[in-house]
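S.K.: One structure follows; several queries about it will come next.
Every number in this text was worked out from the coordinates using simple rules, so none of it is lab data. These numbers were taken from a predicted model, which means no experiment stands behind them. So basically every Cβ, Gly included, is an ideal-geometry build from the backbone, and we count neighbours across all protein chains shown.
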Amino acid sequence: DAKTTQPPSMDCAEGRAANLPCNHSTISGNEYVYWYRQIHSQGPQYIIHGLKNNETNEMASLIITEDRKSSTLILPHATLRDTAVYYCIVDATNTGNQFYFGTGTSLTVIP
Amino acid sequence: SQTIHQWPATLVQPVGSPLSLECTVEGTSNPNLYWYRQAAGRGLQLLFYSVGIGQISSEVPQNLSASRPQDRQFILSSKKLLLSDSGFYLCAAGRNQPQHFGDGTRLSIL
């Protein structure tokens, strides 16, 4: 079963930052936080992951709270192509074994 | 970088017919391999995973089976399909890196 809680849906204006929250209050010390997104009828796309420190790549930034019980995925300048379902997953190893996907957050970017 | 190939992209099968979906991986050796199913409007459900040739673990009891005859080949099968087997089937690979997914097979059972 999924170990994370996400809001079912969010809207964001095009060009603005999209901040997607995720609660993982039972996360263990060796579990990473992963973010994926799924555009309709495609396979999930890896976005970013982290353990304790904040992370940034060309797609997004990941902010993890100090107690690691929640995190936020930030898309700095949302575009219409960012409309997708975003999944937050916690997993014990960096190999990503046995991911358990919840229902994610459906993000709609509005023109 | 690794690439996951799945085929066919779409498939329509009658109830009671057999099934074979194939997944092959390029760009990595000895990957962990996974089969997921996604029902319409739902999240992904892990069905099977494999850490090596001939090693298959099943996550949920079901009408399906999986096999890994080669290091980078993962096959999902059924002897007799049920209506409830309809869905979007995704193959993923990952070892020492986050899982990457194929483009999936959309299976419709009539």
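S.K.: Let me know the Kirkwood hydrodynamic radius for the protein assembly as shown, please, with Cα pairs as the basis and the value in Å to one decimal.
M.R.: Evaluated on the protein assembly as shown, it is 18.0 Å.
S.K.: How many nm separate the modelled label positions at B:Gln97 and B:Ser57, each set 7 Å beyond the Cα in the direction of the Cβ?
M.R.: 2.2 nm
S.K.: Output needed for chain B: three equivalent-ellipsoid semi-axes, defined as square roots of 5 times the C-alpha gyration tensor eigenvalues, in descending order, whole Å.
M.R.: The answer is 23, 14, 12 Å, longest axis first.
S.K.: Next question, about the same structure. No partner Cβ under 4.7 angstrom, meaning no disulfide-compatible partner by this rule: which Cys of the protein assembly as shown qualify?
M.R.: Lone cysteines by the Cβ rule: A:Cys12.
S.K.: Out of all DSSP beta bridges in the protein assembly as shown, what portion is antiparallel? Express it as a percent rounded to 5.
M.R.: About 90 percent, rounded to the nearest 5.
S.K.: Using only the alpha-carbon atoms, what does chain A span along each of its principal axes? Please give whole angstrom values in decreasing order.
M.R.: Taking the Cα atoms of chain A, the three principal extents are 40, 28, 23 Å.
S.K.: A:Asn53: net charge of surrounding residues, Cβ under 11 Å, Lys/Arg +1, Asp/Glu -1, itself excluded?
M.R.: For residues surrounding A:Asn53, the net value is 0.
S.K.: Taking A:Lys69 as the anchor, which lysines have their alpha carbon closer than 27 Å to its alpha carbon, excluding any fewer than eight residues away along the same chain?
M.R.: A:Lys3, A:Lys52
S.K.: Starting with the highest mean, order B:91-101, A:48-58 by the number of other Cβ atoms within 10 Å, averaged over the residues of each peptide.
M.R.: In descending order of packing, they fall as B:91-101, A:48-58.
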